[in-house]
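So the structure is just underneath, and the comments pick up after that.
Here, each number is a calculation from the coordinates, and none is a lab measurement. Predicted, not measured: the structure shown is a model, and the values here were computed from it. Using ideal geometry, Cβ is built from the backbone for each residue, glycine included, and neighbour counts are taken over all protein chains shown.
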Amino acid sequence: MTEPRPRPPVDDAELLVRAQRIAGRSVVQVAERFGLPVPPNLRANKGWLGQLVEYALGASAASRAEPDFPHLGIELKTVPVDSMARPRESTYVCVAPLDGGLASTWEESWCRRKLDRVLFLPVVGDGPLATRVLGAALLWAPSEEERGRLQADWEEITERVVRGDLEGLDARVGEILQLRPKGATARDTTWTLDADAQWVQTMPRGFYLRRAFTAGLLQRAFGVASMS
């Protein structure tokens, strides 16, 4: 018998209890619990894994511009990891508007709000999607030192965007945050101003947490190996 979708958790404690209940279970076990079909892979279903975990934990934001658990101010991030719990990729934070929609300050930015409190949930394995296993969750809020580093990266990146310096702005810029291409296909484009203040088309971009940074968070929380 399948279970109905859980109501939103009332507090942090209930959210963490729900995360504990799915830790150690495979993707197919969690999906079957709620009667959800598992796609064969994520190539045509890139956001499906995150949506499954949102469903299981009772997230309510859907696609609205707010954290996944808005009443708790908590964002959910699934993190694909290897058998040593090392992240396989950078962690997507949010879209980076290139058409003049960037916030004027870090405090006002959507990026800052997304990173105020984050529930990281590792997903272990690189085999068939159904057999991958959900790991122990980590509820994280940046320290003052981490906030300062995040703000410095955001300000450097956004200053370059505003100057139209996208040619010199790649994933090497930023100590914790980086800007990376973000589009459903290579044909996706968005408008931006170049260094000559002319509107041009370019690839959509998003803010990401560096893989080494997320690895360090998991290592400190669970004592797993960090990225070399």
* Using alpha-carbon coordinates, inclination of helix 48-57 to the longest axis of the chain, degrees -> 60 degrees
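Counting GluC sites (Glu not before Pro) as exposed when in a DSSP loop with at most 14 other beta carbons within 10 Å, what is the longest stretch of the chain free of them? Don't skip to the answer; put the middle values down first.
Details: sites that count: Glu89, Glu107, Glu108, Glu167, Glu175.
Within the chain, the longest run free of exposed GluC sites (Glu not before Pro) spans 1-88.
Quick one: Met1, Met203, fewest Cβ neighbours within 10 Å first, how do they rank?
Neighbour counts put them in this order, fewest first: Met1, Met203.
Using unit Cβ charges (K, R positive; D, E negative) and no other charged atoms, how large, in debye to the nearest 20, is the dipole of the chain about its Cα centre?
Values: 29 positive and 30 negative charges, 195 e Å.
Using Cβ point charges on Lys, Arg, Asp and Glu, the chain gives about 940 debye.
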* Structure fact -> Subtracting the Cα-Cα distance of Ser83 and Gln20 from 0.36 nm times their residue separation yields 20.8 nm
* Structure fact -> Two pseudo-spin positions, 7 Å from Cα along C-beta at Arg147 and at Ala212, lie apart in nanometres by 2.5 nm
* Would you order Val17, Val133, Val118, Val161 from fewest to most other beta-carbon atoms within 10 Å of each residue's own beta-carbon? => Val17, Val133, Val161, Val118
* Compute the long axis of helix 12-22 from its Cα atoms, compare it with the longest principal axis of the Cα atoms of the chain, and write down the angle in degrees, 0 to 90, nearest 10. => 60 degrees
* Antiparallel as a % of all DSSP beta bridges within the stretch 12-222, to the nearest 5? -> 75 percent
* Structure fact -> Square roots of five times the C-alpha gyration tensor eigenvalues of the chain, ordered largest first and given in whole Å, equal 31, 19, 18
* To do: Calculate the spin-label point distance for Glu175 paired with Leu42, positioning each point 7 Å from the Cα along the beta-carbon direction, and give it in nanometres.
  => 2.9 nm
* **Sites Arg220 and Ala13 - FRET efficiency at Förster radius 30 Å, r taken between beta-carbons, to 0.05** => 0.85
* Hull-based mean projected area of the stretch 118-163, where the convex hull spans the alpha carbons, in square nanometres -> 5.2 nm²
* Asked: At Ala130 and Gln51, where each label point lies 7 Å from the Cα along Cα→Cβ, what is the point-to-point distance in nanometres?
  -> 1.9 nm
* Structure fact -> Output for the stretch 1-67: chymotrypsin sites (Phe, Trp or Tyr not before Pro) sitting in coil per DSSP, at most 12 other Cβ within 10 Å, listed by number, reads none
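Which FRET efficiency value, to the nearest 0.05, do you get for Arg187 and Phe34 by plugging their Cβ-Cβ distance into 1/(1 + (r/R0)^6) with R0 = 41 Å?
FRET efficiency, Arg187 to Phe34: 0.75.
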* To do: Mind telling me which of Gly101, Gly174, Gly24 comes out most flexible in a GNM of the chain, alpha-carbon contacts under 10 Å?
  => Gly101
